[in-house]
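As C-alpha cells, the structure follows; a few thoughts come after it.
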Amino acid sequence: HHARRERSGFRFYSQSMLQGAATRLRRMRDLQRALREEELELYYQPLVSIEGVVVGAEALLRWRHPREGLILPSEFVPIAEDTGLIFPLGRWVISRAAEAWGRWRREGLSSLLISVNLSPQQIKDVQLVDHLRETLSRHGIPPGYLTLEITERTFLEHMGSREFFSRLEEMGIGIALDDFGTGYSTFQYIKQYPVKAIKIDKSFVQGLPARGEDVAIIQAILTLADGLGLAVIAEGVENEQQALLLRTFNCQIFQGFFYKEPLREEEFIQYVKALHRPPGQ
Ligand code: C2E
Ligand code: MG
Ligand code: MG
Ligand code: MG
C-alpha cells in the first residue's frame, strides 16, 4: 500500500505550501523579467583604509521594482539561487561591476579594488571562469583588482572544487572570505587556497566595544590573519567607538554605515572624489 503510494508520486501539499510555490514561481518570472529589462542595479559601498582613503568598493545588488520599489538581495537572491537564475544573474553582476570599474578609471580613479559576491551555486557554473577572464580583459582590469567574496561556509563546502580555485589563482583573482567567524573555517585550509582577505562578520563588530567575547574573537582573527599575511576587512562598522577600537587592534580596512552606506554609482564616484580632493581645493 505504502510502496504504491510512493511510486505513484503523490505528495500532499498544504494550502500554504501551494501558495508558497505559486508565489515563488511568480517571483522567479518577475526576476527573469527584471534581469532582461534592466531593473537590477549595483550599489557600491566604500572600503575605507585606516588612513581614511577609499581603497575600493563592494558591489551590492539591488532590484528597483516598478511597483514595489527598491528590494534588497535577501528578498530575491535566494529565489535566483533556487531556480538556477543565479548563473546568468551572477555573470551579469560581474559584467556590470567591471564596466563600472572601467568608468572609474576614465574618471581618474584607477587604483580602486572591486569586490563582487558569489553565491555557492556559482562555483558550479561552468561558464564562470571564462566569463571572468573575458570580462577582465575586455575592460583591461588587472586581475588583482577584482576580489570574489564567498562566505566561509561556501568555501568549506566547495573546497573539493580545486580546479575552480586553481583557475582563479592562475588568473590572479583573489578570494575574500565573507561573514568570517560565523562558519567553521580553519586557518589550516585557508593557506592552501588563493584566499587573500577575510571579512569579519558584522555580528562580531556590532558587539564592540562592550562585549568581551566579540573583542576577543576579533583580536584573535586579526592576529592569525596577520601571521598568515591575509588582509582583514571589518564589515558592519556603525559607530565611532567601533572604528576606534578596530584601529587600536590594527585592523586596516573598514566597511560600514559609519563610513558610508552602499551608494548608487554616481554618488560613489562623487564621494571618492570629494574625499580625495586635497584640502582647500
Ligand atoms: P554581504 O556580502 O555580507 O554584504 C554586506 C551587507 O551588510 C550588505 O547588505 C550591506 O548593505 C550591509 N551593511 C553594510 N554596512 C553595514 C552596517 O554598518 N551595518 C549593517 N547592519 N549592515 C551593513 P545587503 O546589500 O542587503 O546584502 C546582503 C547580502 O546579499 C550580502 O551580504 C551578500 O551575501 C548578498 N548579496 C549582495 N549582492 C549580491 C550579489 O551581487 N550576488 C550575490 N550572490 N549575493 C549578493
Ligand atoms: Mg560580501
Ligand atoms: Mg559580508
Ligand atoms: Mg554579511
> So which residues in the stretch 189-210 are within 16 Å of ligand 3 (Cβ to nearest atom), open to solvent by 50 Å² or more (accessible area, probe 1.4 Å) and not polar (S, T, N, Q)?
Replying inline: 196, 202
> Applying the selection to the stretch 122-141, what residues are touching a Gly at 6+ places or on another chain (Cβ under 8 Å) and closer than 23 Å to residue 60 by Cβ?
Replying inline: 122, 125, 128, 139, 141
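Out of the residues in the stretch 127-150 meeting the condition of being assigned to a strand (DSSP E or B) and open to solvent by less than 10 Å² (accessible area, probe 1.4 Å), tell me which one is farthest from ligand 3 (Cβ to nearest atom).
Looking only at the stretch 127-150, we keep the residues that are assigned to a strand (DSSP E or B), and these are 146-150.
Subset that is open to solvent by less than 10 Å² (accessible area, probe 1.4 Å): 148-150.
Numbers: 148: 13, 149: 7, 150: 10 Å.
Ranking the candidates gives 148 first.
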> How many residues are away from ligand 4 (no atom under 16 Å from the Cβ) and either open to solvent by less than 50 Å² (accessible area, probe 1.4 Å) or at pLDDT below 80 (or both) when one looks only at the stretch 169-183?
Replying inline: 4
> If a residue has to be over 10 Å from residue 197 (Cα atoms) and either crowded, with 20+ Cβ neighbours inside 10 Å or within 14 Å of ligand 2 (Cβ to nearest atom) (or both) to count, how many in the stretch 227-245 make the cut?
Replying inline: 6
> With respect to the numbered conditions (1) modelled with pLDDT under 95; (2) within 27 Å of residue 53 (Cβ to Cβ); (3) within 15 Å of ligand 1 (Cβ to nearest atom), which one is the sole condition not fulfilled by residue 111?
Replying inline: (3)
>> Given (1) part of a helix (DSSP H, G or I); (2) under 21 Å from residue 50 (Cα atoms); (3) more than 16 Å from ligand 3 (Cβ to nearest atom), identify the lone condition not met by residue 213.
In response: (2)
> Would you call residue 224 farther than 21 Å from residue 159 by Cβ and either surrounded by 14 or more Cβ atoms within 10 Å (Cβ to Cβ) or within 16 Å of ligand 3 (Cβ to nearest atom) (or both)?
Replying inline: no
> Among the residues of the stretch 185-207 satisfying the criterion of being part of a loop (DSSP other than H, G, I, E, B) and either within 16 Å of ligand 4 (Cβ to nearest atom) or among the β-branched types (Val, Ile, Thr) (or both), which is nearest to the chain's Cα centre (by Cα)?
Replying inline: 201
> Which ones in the stretch 114-149 are closer than 23 Å to residue 48 by Cβ and of a type in the set (Asp, Glu)?
Replying inline: 149
> In the stretch 222-257, which residues are in a loop (DSSP other than H, G, I, E, B) and either among the basic types (Lys, Arg) or within 16 Å of ligand 4 (Cβ to nearest atom) (or both)?
Replying inline: 235, 236, 237, 238, 255, 256, 257
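Identify, from the list 106, 153, 96, the residue that is within 16 Å of ligand 3 (Cβ to nearest atom) and either modelled with pLDDT under 95 or within 27 Å of residue 275 (Cα to Cα) (or both). Outline the logic, then answer.
Details: 106 fails: within 16 Å of ligand 3 (Cβ to nearest atom); 96 fails: within 16 Å of ligand 3 (Cβ to nearest atom).
Among 106, 153, 96, only 153 is within 16 Å of ligand 3 (Cβ to nearest atom) and either modelled with pLDDT under 95 or within 27 Å of residue 275 (Cα to Cα) (or both).
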> Is at least one residue of the stretch 164-176 closer than 30 Å to residue 239 by Cα and free of Cβ contacts under 8 Å to residues at least 60 places away in the same chain?
Replying inline: yes
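The values are calculated or read from the model by the stated rules, or taken from the named source; none is laboratory data. The model shown is predicted, which means the values in this text are computed figures rather than measured ones. All Cβ positions, glycine included, derive from the backbone under ideal geometry; neighbour counts span all protein chains shown. Accessible surface areas use protein heavy atoms only, side chains included; no ligands, DNA or RNA. Shrake-Rupley method; radii C 1.70, N 1.55, O 1.52, S 1.80 Å.
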